[in-house]
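The structure appears below as C-alpha cells.
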Amino acid sequence: MADVSPLEAEVAKLIVQTLNMKIDPAQIQPEQPLFGEGLGLDSIDALELSLAISQFYGYGIRSDDPEAVATFASLRSLCKSIEKNRTK
Amino acid sequence: MSFMNTAALLGPYHPDRVLAWGNGHPITYRRFLSEVATLADQLPEKPTVINLADDRYRFLVGLAAAMVRGQTTLLPPSRAPRALAAIAKEYNNSYCLADSQDTVEELHTYQIPKGEWSSVHNMSVPQIPVDHTAVVAFTSGSTGIPRPNPKTWGSLVAVARSTGVRLGLKTSDHMTVVATVPHQHMYGLEATIMLPIQHGMAFHVGRPLFPEDVRLALANVPSPRLLVTTPLHVRACATAPTRLPPMEFILSATAPLPVSLAKQAETLFQTSVYEVYGFTEAGSLATRRTVADETWHVLDGITLYQKSDRCYLQAPYLRESVSFPDAVSLQGPHRFVLHGRGGDIVNIGGHRVSLEDLNQKLNEIEGVQDGVFLLPDENGTSVTRLMAIVVAPGKSAEQILSTLRDVIDPVFLPRPLHLVANLPRNETGKLTREALLRLAHKLHEQDRHGS
C-alpha cells in the first residue's frame, strides 16, 4: 500500500461507499481501469461518482473536457484531476 | 389501408428553422431534407438497417433516409457485441449505419456523412406510407431471444402528435430539446426525434451525462428549452450544485419519479416536471404532472379496459390490444394508477430487462451448473443493482463476469456475483425470493467478516 497517496486512499473509500461496493477500498489498484474489464464500473456509476466528487471536492466533472476520458481511466488519474480542479 | 395513405416526415415545414444544434452550429430543416435525399440515394438495396449513430442528428438523417427507401431501422436492445450479433443473424440481409468506428460483426457498415460541406438543395417533404414498418424495437423476452416489436410510421406519428397535444406544444414556440436519453430506445426515439420533427422543434445532437454537461448543453441552445431525461438525471442535477438555464419543462420517463424529487426539481429549476409512461410494446401512452397527480392520464385515442385480472389498452394505431407489463388499477377508460413494476421485469437506471432472460444467459455459460439473478430491496436513493448467486465449481467470479459482459448490457452485470455450493431450492425445485434474500444476507455478512 506504500504507493497509494492519502488522496487516492480517500477517493478509493469514496468510490466503494458511493457505489455500495462489497470490496475493501485497499483492493482498488491505483492504475487499474475503473470501467469495463477493470473494476467494472459503467455510466450510471460515473454519474453517481461525479456527484460525490462534486460534493466532497467541489469539482464538477464535464465530458467535453479534453481530460475527461483520462479522468476516469484509473483511480490515479481521477485523483490527479481532483487535485487540479478541486475547490474544497 | 391503401398505399396512398401517407404521413409527412415533418409536421410543419419551416425550411429556415433550426432542426439541430451541434456544438453551437445550427442545422436547418432545409439542410436536413437535402442530406436525407443525398444519403437515401447512396444506401444499399436492403430491407433492414442497424443505425448506431451516436449523434442524434445523424441518427435521424439515417432513419429518415432509410424510410425514404422503404427500409426498416432495427433498434437493438443493447450495444453488447453478442446482442448486436444476434440481431444481425436474425435479420441477415441488413447493413449498418454509423458515425464512428462502431460496427456490427458480419455487416457492411456505411458512414453517415457529416454533410457540412455539401450543397443544400430545395427538397419537398417526403411522404411516408403510414403502414410502413419504420423501426423494430426489441424487448427482453422470457425466452432469452429478443422479441421484435415492429412500429409503423403511422403509430410513431400518432404518438408524437397526441403527446404534443397533451404537453401543449405549439409549433410557434420552436422549443429545443436537450436529452440525456439515447435515441435508439423507444422513449428516446419518441421524445427526442419524433416529437421535435412533428412539431417543428429543434434538438441538441449530444447526450449529456454529467450535471455539468447538462448545464452546458442547455446553455448552448436558445430558449425555450425542454429537458428530456430520467429520474436518475433529475436526481443528479438536483443534487449537484449546478444551476441549470431556464427550461419550459422537464420530461422524465423509464422509471417512477418520486414526488419529493419532482417537487425539489420544480422549485430548484423553476419549471414543471412531467412524466411519461410507456413500454416498448405500446409506446408512450400516458402522462402526469408528478407533483399534482398520482393518476396517469392516457393520451388521446387510447382506451383502457380490464379482463379478468389483467389490464389492457387499445389504440387506433395498435393492431391488437396490449396488456400492461406492470401492476396498474384502472380509474375508468382513460386514467390509471401505477402500483409497481411487473415481477419479472427489472429496471436499472432506466434500462429494462427480464430476470428470466438474464437467468437463461447466466445458465448458458459453460461451467455454470445453476445460477440466479436477484434484485435486492431498494436501499434508498442510489440505483439498486442486481446481484447473482452462482454454482460453478472450478470457475471464478471474474471468468463468469467476463463472459456475461459479452452478452448483457453492462448495467445488468451482477455486483456482487457470489459463488456457492448450491442454491436454496425448495423440495419442488423452486427458488423463492425470501430464501434468496436470506442467502444473500448471509453471504454479505461472511464477506464483511471474512476478509
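Quick note: the coordinates plus some simple rules give every number you see, no bench work behind them. Computed from a predicted model, the values in this text were never measured in an experiment. Here Cβ is always computed from backbone atoms with ideal geometry, including for glycine, and neighbour counts include all displayed protein chains.
Data overview
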quantity: Signed unit charges on C-beta, dipole axis of the protein assembly as shown, positive-most listed residue B:38, B:254, B:348; calculated: B:254
quantity: Centre separation in Å (Cα based) which lies between the range B:220-258 and the range B:122-184; calculated: 21 Å
quantity: Selection from B:286, B:440, A:11, by position along the positive dipole direction of the protein assembly as shown (Cβ); calculated: B:286
quantity: Test item: B:404-417 mean partner chain Cβ contacts at 10 Å; calculated: 2
quantity: Beta bridges by DSSP in chain B, antiparallel share as percent, to the nearest 5; calculated: 55 percent
quantity: Shielding of A:46-55 by partner chains, average beta-carbon count, 10 Å; calculated: 5
quantity: Beta bridges per DSSP with both ends in the protein assembly as shown, % antiparallel, nearest 5; calculated: 55 percent
quantity: The range B:26-182 shape via C-alpha gyration tensor axes, a/c threshold 1.5; calculated: oblate
quantity: Averaged over A:36-44, number of beta-carbon atoms from partner chains that fall within 10 Å; calculated: 5
quantity: C-alpha center-to-center spacing [the range B:378-438, the range B:285-331] in angstrom; calculated: 34 Å
quantity: Qualifying lysines (Cα of each under 29 Å from Cα of residue A:84; at least 8 residues distant if same chain); calculated: A:13
quantity: All lysines inside 30 Å of residue B:430 as judged from Cα atoms, apart from same-chain residues fewer than 8 positions distant; calculated: A:22, B:307, B:361, B:395, B:442
